[in-house]
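Shown next, in structure tokens, is the structure this report addresses.
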Amino acid sequence: MLKVAKDRTSKGVGEAFARVEAAEKRAQDAEMALVKSTKENSHLLGVNEALTSKMEVLKAQLVEAEQRVHGTYFELYFEVTRYRTKAKMLKVAKDRTSKGVGEAFARVEAAEKRAQDAEMALVKSTKENSHLLGVNEALTSKMEVLKAQLVEAEMFEEGARAVLKDVEKRMVSLQGDMGA
């Protein structure tokens, strides 16, 4: 019995030692897991801190970007306003120029009409002058004929006066012969 009790006790102690060893092994594994977990947690804390600082930097950059965008928006708004004003001024200038061009074209058309009228009057005047020149030439030639006839008539008149003087002299001489 003792032997049986000893065997049992040895067996119980062996089992207890095995359990203790298994518990120690589990405790070591748990410690290793805890160390590993602590290292991982430490690493994750470092990553978390890095991400948090990056997030803070990104937030600051976002705020700066929003401010730049806000400033850019107002700059763009003022640029758009300035360009709209310039566009309106250019439209007014274009309208004035278009009106001036229209008036200039109207004056050009009126001048062209007057030039056509003047050309027509010149053609008519040229025709009249040509006709009058023909009439003038006819009158000039007729005048030459009349001058020639006048010269003939004057010569005839001189001849007739000479004959008349001669006739008067003869009459006077005949009267003198008759009265004597």
Local net charge near A23, Cβ-Cβ under 13 Å (Lys/Arg +1, Asp/Glu -1): -2
Those lysines that a straight Cα-Cα span of less than 29 Å connects to K127, excepting residues fewer than 8 apart in one chain: K113, K142
Fluctuation leader among E119, E168, E79 - the chain, Gaussian network, Cα springs under 10 angstrom: E168
Net charge of Cβ neighbours under 11 Å - reference A162; Lys, Arg +1; Asp, Glu -1: -1
Cross-link partners of K39 among lysines (Cα-Cα below 27 Å; sequence separation of 8 or more within a chain): K25, K54
Matching label, semi-axes √(5λ) of the Cα gyration tensor in Å computed from the structure shown, candidates (1) 76, 15, 12; (2) 161, 19, 10; (3) 39, 20, 12: (2)
Per-pair calculated FRET efficiency, R0 = 45 Å: L150 and M171 via Cβ, rounded to 0.05: 0.90
Partner aspartates and glutamates for K94 [C-alpha distance under 19 Å; skip if fewer than 8 residues away on the same chain]: E103
Summed side-chain charge close to A111 - residues other than A111 whose Cβ falls under 13 Å, Lys, Arg +1, Asp, Glu -1: -2
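Here, each number is a calculation from the coordinates, and none is a lab measurement. Note that the structure is a prediction, hence the values are computed from the model and not measured. All Cβ positions, even for glycine, are placed from backbone atoms using ideal geometry, and neighbour counts span all protein chains on display.
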